[in-house]
1. How much area per residue is accessible in the range 17-117 when the probe is 1.4 Å and only protein heavy atoms are counted (Å²)?
2. Mind ordering 244-257, 127-140 by average Cβ neighbours within 10 Å, highest first?
3. Where the only charges are on Cβ atoms (+1 Lys, Arg; -1 Asp, Glu), what is the dipole of the chain about its Cα centre, to the nearest 20 debye?
4. What spacing in nm lies between the two simple spin-label points modelled at MET1 and ARG70, each 7 Å away from Cα in the Cβ direction?
5. Sequence-distant or interchain residues sharing an amide H contact under 5 Å with LEU236, placed H: which?
6. Order these peptides, 23-31, 102-110, 201-209, by their mean beta-carbon neighbour count within 10 angstrom, highest first.
7. For the range 288-353, compute the orientation-averaged projected area of the C-alpha convex hull (one quarter of its surface), in nm².
8. Subtracting the Cα-Cα distance from 0.36 nm times the residue separation, let me have the gained length for ARG284 to ALA81 in nm, one decimal.
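The values are calculated or read from the model by the stated rules, or taken from the named source; none is laboratory data. Computed from a predicted model, the values in this text were never measured in an experiment. Using ideal geometry, Cβ is built from the backbone for each residue, glycine included, and neighbour counts are taken over all protein chains shown. Accessible surface areas use protein heavy atoms only, side chains included; no ligands, DNA or RNA. Shrake-Rupley method; radii C 1.70, N 1.55, O 1.52, S 1.80 Å.
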Amino acid sequence: MEHIDVAVIGGGQSGLATAHTLLRHGLRPVVLEASGRTAGSWPRYYDSLTLFSPARHSSLPGMPFPGADRDRYPHRDEVVAYLTAYAARLDADIRTGRRVTSVRRDGSAFEVVLEGGGRLTARAVVAASGTFGRPHRPALAGLQEFTGQVLHAADYRSPAPFTGHRVAVVGAGNSAVQIATELARSARITLATRAPVKFATQRILGRDLHFWTARTGLDTAPLGRLLPRPPAQPVLDNGRYRAALAAGQPDRRPLFTGADAAKLIWPDGEREEVDTIVLATGYRPDLPYLASLDGALDAGRNPRHREGLATGVSGLAFVGLEWQRSPSSNSLRGVGRDAERIARRLAAHLARR
């Protein structure tokens, strides 16, 4: 059986940033990526997705995001190309097509089991597999009774299949508003939310909001430990989304209260036939391979950790969790800072042993 220093599970932005920082601390990580490429979930996001932070604030450690216009908002495919190039420059053992099915204790080390039966042992493990594999589908009134199509934002690619359809998009975050506004150009769209959408101005005094959050220290503030759950994020807007909602493209309604076959029941009692519900309701940490590792996850399958270090399993860490330590923890601009902290602590832990 192969023996390694650190198994990094996931070859997207979190896993690549972690591998970079582990190498800097003298460790030799092996990155295990389930898919056939090192771009994480980015290739599977919807076609029109752009970053909510400009290029100058969207880099992993050691490699600036390319392009002459540092203030542009990069497209999904630019991010895929950037991550692919980052992995190619990284002097790390990256193995694609290696899905981890379970992690178990093997004495003082971990046994990492791969799909197909392969195994290796690691002195430490970093779970950096993100959230895309576990879309959150809340228990909404009437959702089980609805006989139309129900999709998650993870299933959405482009507006083409929905032309002329009646669609309800559920959610009040950036992706929900972006998808609903895009669909409204060719379909009849309602953005269904529990409360009115909250906006944040994307540019203030000629600077992107991320310039100000970095300048004030808010972007890196260790607020994660103080929050029992991640707060709802406002929609970053340069005015276009406010204008679209004000024009009813899409219209915004309170969340439906039930369903009767293909008809949704709105709070005012109206029953309306709807073709599709799109749940833009976020994701949860995707960590099924830790289910059999005692102390790693809580009853809700969420990681038990403090700022990324597992609280119940020595030698286990997480990178890329939402609000792991700060508001930017699961972003291109912030994951490197968390990866550095984890690498430093794992190096000290392994040195003591």
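1. Accessible surface, normalised per residue, equals 45 Å².
2. 127-140, 244-257
3. Here the chain has a charge dipole of around 960 debye.
4. It works out to 4.9 nm between the two label points.
5. Excluding prolines and chain starts, which carry no amide H, the hits are ALA200.
6. Values: 23-31: 18.4, 102-110: 15.8, 201-209: 13.7.
Ranking, from highest mean packing down: 23-31, 102-110, 201-209.
7. Spelled out: convex hull of the Cα atoms, projected over all directions, averaged, 4.7 nm².
8. Contour length minus the Cα-Cα distance gives 70.5 nm.
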